[in-house]
Amino acid sequence: MKSLKHGMNIWTDLKQKAKTGLPKAAFYLSLFYAIWFLFGSEYGFVASVTGTAFDFNFKKRLTALEMVMVAATQMIACSFACLASLNIVLRLVLNALFPLVWTLLRSSPLDNIGYFPGVITFVFIQLIPFGRSDIPLLLLIAAFATAVLTGVLTLIKFFKSKKIDDSLLRDGLKTIAAQLIVKEANTGAVQDIEYSMYRRAYSGHNVAHIYSRGEHIYYIFALIFQRAAYFFSDHRQSRINKWTIEPRKELSDFLIRAADEINQTDNHLLIEDAHKLLIKGEDFSGRFGSLYRNILRLLILALREMDVGDSHKERFNLGRYLRDFRNHLQLNKFQFRFALRLSVVMTICFAIMDISGAEHAYWIALNAFLITRPMYDESVTRVQSRLIGSVVGCVVTYLFYMIAPGEWYIYLYFSVMITCMYMATPGKWVQPIFATSCGVAMASISLGGSAAVGYRLLYLGLAAGLVYVVNRFIFPSTRQKRNEFYIHELYRMQKFYLDILRQSVKSRVSLTVLHNALVNFHILCDDLRKESGGEYSEDLKNFLLCLWRLMAEAEQMTVILHTAKFSKEERKWILKWLDEVSEKLDTREMFDPNEIMLHDMPDKPNFSYLASRYQQNLSAALRMATWIHLMPVLE
């Protein structure tokens, strides 16, 4: 029975890999052979970099502007690669600057490999043997490949279903429903779904900040799960009492019904019934009453969004991008440390290539780029997997070369290996077997089988040694360092949320800003939560819980400022209170939450309660940071 189940799992996994891998392989092979037939096989690297861009984007439903951005990225990187080929000085200068700047612009804590498509295009185009007179032709080939990429992505968008995956939404609503009617709610069950929703709501480096229908719906549902998790996390307040038994059961039943009936075309019956419950819930008091109304209001908003599905966008803000870029230019930022390492590795590699003039020395740069990863630990794993995979791939390819009756069989072998490579799991030792087989197979046409194998292993060894030295001695970034950076970022974000709250006192804040801030926080927090090993793992989880509560309270106070009426005097008081808690946040010194006086609090019970909770959780977070020696990390 177990063997049958195991076999079914393997078959399911294989089908899933084929579903994602075969389209990538088909795109690459079609483009490679088109370029080979029209321009020559020496320009095959253009197909490789365009295939990478396709790999990163084919699952997305890109807007027209995003299509333009993808195409522009390819052509800009290719143009800089051509410029770098003019002389050795430009080669070294641009290989020092381009990976550095591009990585800082396109990577973030939420998207560590956002740099990859642009930098691989810049690096791999330089590996093509071409002279100054060949640059116009190379740019023409790149434009041809980019046009094919844009056309295929457009076709995929046309045929891709506009429906979003709503299975997690349904499961989440049923999870909340179940927790509402049990004595001790499981906060973690709701929080796991909340984090998943925020990951789905993350749109990456979306320059225009146009959020698709699905991303915005996931974001609204994430807020629903956040409200529920925040309520359930306070076990004292969330206990069932005789006054809430009936409304809890009523809300639970409605959420189960919504999970079963929710659709992406017409939800007006659910919306009408939710409105009826909302009117009834206006009389409910306390924390449960607030939760009851919050869930129904957000659910109504989400259901309307599923019916209408308009895109949401914010005006392009150059200042924000410049501030983000400047924020990355600090040695304690792991993006900057990785960008410097990548820049050093690529500069040295191309210096070796140009000075030595050795045959197929481009394999040094190729391997060095592929095994240089943001985290030191990940680079070590990549080196190990690539060494094992390369040895096996060289042996297999050499044996095939001995029995291959002609060149056309090598091209057939190359096509099969490419298909297997795209179906293999990236980063595991199996994928380098197929990648090596592809590279050695094509090189063997001009070099011969044994020479191609020898060069491949030699240059891989040199690249691995170079990457090891740079990763070990030039701004190393271990997982521990990255986690410390994440903790610093999560604490720094609290100041950003207070700034949003301060802006909300004076005027309405764009929902897009809240979208970005909340999604960023939750993805970082989820990564830390999963990797919080070490001597203070449990304490760190409690510290993160405090930061999460601070964020939830700041977000809810922002919503209240948008929806309730406040007098000038009340707004002045709020600004004064924000100055006091901001000072505590900046000084990072432990304090008694009663130091911040609440007797002048405006007569807004919900806001007053959240403000009181905020300063209590801030005080608790600073105490924990002192106990577990996190203060140096927060500075």
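The values are calculated or read from the model by the stated rules, or taken from the named source; none is laboratory data. Quantities reported herein were computed from a predicted structural model and do not represent experimental measurements. Don't worry about glycine lacking a Cβ; one is built from the backbone with ideal geometry, like all the others, and counts go over all protein chains shown. Remember, those area values only see protein heavy atoms, side chains included, never the ligands or the DNA or RNA. Shrake-Rupley method; radii C 1.70, N 1.55, O 1.52, S 1.80 Å.
Some points to look at:
- Qualifying residue in region 563-576 (condition: at pLDDT 80 or above, open to solvent by 40 Å² or more (accessible area, probe 1.4 Å), in contact with a helix residue (DSSP H, G or I) (Cβ under 6 Å, 6 or more places away or on another chain) and assigned to a helix (DSSP H, G or I)): yes
- If the condition is being in a helix (DSSP H, G or I), farther than 30 Å from ARG200 by Cα and either open to solvent by 70 Å² or more (accessible area, probe 1.4 Å) or free of Cβ contacts under 8 Å to residues at least 40 places away in the same chain (or both), then region 33-68 contributes TYR33, TRP36, PHE37, LEU38, GLU42.
- Residue in region 89-112 that is open to solvent by less than 10 Å² (accessible area, probe 1.4 Å), more than 23 Å from the chain's Cα centre (by Cα) and at pLDDT 90 or above present: yes
- Residue in region 128-136 that is of a type in the set (A, V, I, L, M), open to solvent by 20 Å² or more (accessible area, probe 1.4 Å) and over 30 Å from the mean Cα position of the chain (by Cα) present: yes
- Failed condition for PHE485, given (1) modelled with pLDDT under 80; (2) among the hydrophobic types (A, V, I, L, M, F, W, C); (3) surrounded by 18 or more Cβ atoms within 10 Å (Cβ to Cβ); (4) within 19 Å of THR436 (Cβ to Cβ): (4)
- Residue match in region 239-262 (condition: closer than 24 Å to VAL559 by Cα, hydroxyl-bearing (Ser, Thr, Tyr) and at pLDDT 75 or above): no
- Yes/no for LEU139 being surrounded by fewer than 18 Cβ atoms within 10 Å (Cβ to Cβ) and within 23 Å of the chain's Cα centre (by Cα): no
- Taken over region 262-284, the criterion of being over 23 Å from ASN606 (Cα atoms) and surrounded by 12 or more Cβ atoms within 10 Å (Cβ to Cβ) is satisfied by ILE262, ASN263, GLN264, ASN267, LEU270, ILE271, ASP273.
- Considering residues of region 149-162 that are hydrophobic (A, V, I, L, M, F, W, C) and open to solvent by 50 Å² or more (accessible area, probe 1.4 Å) only, the residue nearest to ASP55 (Cα to Cα): LEU155
- Of the criteria (1) surrounded by 16 or more Cβ atoms within 10 Å (Cβ to Cβ); (2) over 30 Å from GLU194 (Cβ atoms), which one ASP166 fails: (2)
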